[in-house]
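Here the structure is laid out as structure tokens; the discussion comes afterwards.
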Amino acid sequence: MKTRLVALVAGLALGTSLLFTTAGIVTATTPPAGPAGTGVCLTQATALKASVTVDTLRAFGDCEINRRLATLTSLSSKITASKVMTSSDAEVLQSEIGSTRSGLTTLKATIDSETNITALRADIVKIATQFRVYLLVVPQVNLVNAADAVVYAQTRFATVNTNLAARIAAAKAAGKDTTAAQADLDAMNASVTAAVGLAGPLPAQLLPLTPAQYNAGTAGPVLKSARTALGTARNDLKSAVADAQACRAALIALK
Amino acid sequence: MNRPIGSVARLAATALLVSIAAVGCARHDGSGTAQASSPPAAQPSGAVATAPANAPTPVATVADSPVASGSAATSQSPAPVPTGAPAATPDPLDSQLTNINNLLDGVNGSLSGADASTSGGE
């Protein structure tokens, strides 16, 4: 158990230092964010490594739980603010966030009342293993939002398709050779179809994932696969935008 | 003999001035009352300004971005008042592609958010 606790503290410290570095690249002058930010519990982690007592364990556990609660609040706001996430996906994720929040709150009460060091150690390990806020819930919300955005983009491309198809028809009626423009438009639609084909099934794969599945090693590959698919889908949509612009350029060249 | 007449004349002149002033004040008050009872000039424009906030804001009409930015009022502001010089008609395709690019920015942001979390560890 002590080994697991040390590993947890070390992992948190490593993650913290890594994210400090990342944040430093983006905004060098911005200090770490509030309770949801990284490095917030560094003081408690250091104190715990120096002396394992009920107080240091409890302080560390409370801090890590509060950090996760703040992260969950931020995720909930992100879902609420999303203009592309479907209502059904949002409902599932908000429910997951609610149950995670409830579980962490209960665990915090347990930690706050626990006086046995061995039991406290076990409770603190549960903060990570029972909830997987950063390794599962955060990626779930972000990846589902990205997938829904790709699917939502299809409606936007449909408008572009209508627009360009009308121009092609007009040019054709005027006796112009619209072969190139039509090829660009076809390519645009093919890219959009490919992107939606990749992103469409992802929410159904991502939403049911649980911390237990992550701990068993079955959720991680699903997250990784979804991330790869969404990267490809994003690139497909970028290509589609380029195809639309090429189509318009081809039509302008006919005038 | 002349002094009483002068006094009467001064009295009459004073009364005339007072009555002229009274009539003037009465007209001024009347117009002020009318202004107070009529709607303020700014009210119609205020009603126009609040109209977008009360109007429904369907998702499709707001500038596309996966996360709401709170700029719906800006993105739905009415077309600018035409000036004397004829402006070139913007190609609607530009705004359509801009909306899609905004969506793609949001996809990138979500993917970055997922990456940052998993690389940071639990």
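What follows draws every value from the coordinates through simple rules; no lab data is involved. In this text, all values refer to a predicted model and were calculated from it rather than measured experimentally. FYI the Cβ positions are ideal-geometry reconstructions off the backbone, even for glycines, and counts take in every protein chain you see.
Counting only residues that are small (Gly, Ala, Ser) and within 14 Å of chain B (Cβ to nearest Cβ), the stretch A:64-105 holds 8 of them.
Condition test on residue A:93, is it touching a Leu at 6+ places or on another chain (Cβ under 9 Å) and of a type outside the set (Ser, Thr, Tyr)? Spell out the reasoning first.
Numbers: touching a Leu at 6+ places or on another chain (Cβ under 9 Å): yes; of a type outside the set (Ser, Thr, Tyr): yes.
Yes: the conditions hold for residue A:93.
In the condition set (1) of a type in the set (A, V, I, L, M); (2) free of Cβ contacts under 8 Å to residues at least 24 places away in the same chain; (3) under 26 Å from residue A:60 (Cα atoms), residue A:104 is compliant with all but (2). When the stretch B:89-122 is filtered for residues that are of a type in the set (Val, Ile, Thr), part of a helix (DSSP H, G or I) and either more than 7 Å from chain A (Cβ to nearest Cβ) or under 22 Å from residue A:220 (Cβ atoms) (or both), the ones remaining, listed by number, are B:98, B:107, B:118.
Under 9 Å between Cβ atoms, at least 6 apart or on separate chains: pull out the pairs that start in the stretch A:233-252 with a residue that is farther than 12 Å from residue A:157 by Cα and end on any residue that is outside any helix (DSSP H, G or I). Pairs found: A:248/B:91; A:250/A:178; A:251/A:176; A:251/A:178. Out of all the residues in the stretch A:178-187, is one or more assigned to a helix (DSSP H, G or I) and within 11 Å of chain B (Cβ to nearest Cβ)? Within the stretch A:178-187 (the criterion being assigned to a helix (DSSP H, G or I) and within 11 Å of chain B (Cβ to nearest Cβ)), the answer is no, since none of the residues qualifies. Scanning the stretch A:183-238 for residues that are among the β-branched types (Val, Ile, Thr) and under 29 Å from residue A:165 (Cβ atoms) yields A:192, A:193, A:196, A:232. Within the stretch A:153-165, the residues that satisfy the criterion of being out of contact with any Lys or Arg (no Cβ under 8 Å at 6 or more places or on another chain) and either more than 7 Å from every other protein chain (Cβ to nearest Cβ) or more than 13 Å from residue A:233 (Cα to Cα) (or both) are A:154, A:155, A:156, A:157, A:158, A:159, A:160, A:161, A:162, A:163, A:165. Among residues belonging to the stretch A:200-240 that are surrounded by 15 or more Cβ atoms within 10 Å (Cβ to Cβ), out of contact with any Lys or Arg (no Cβ under 9 Å at 6 or more places or on another chain) and small (Gly, Ala, Ser), point out the one that is farthest from the other protein chains (Cβ to nearest Cβ). Across the stretch A:200-240, the extreme among qualifying residues is A:200.
The residues listed here are A:123, A:112; of these, the one that is more than 10 Å from chain B (Cβ to nearest Cβ), among the charged types (D, E, K, R), farther than 27 Å from residue A:240 by Cβ and loosely packed, with under 15 Cβ neighbours inside 10 Å is A:112.
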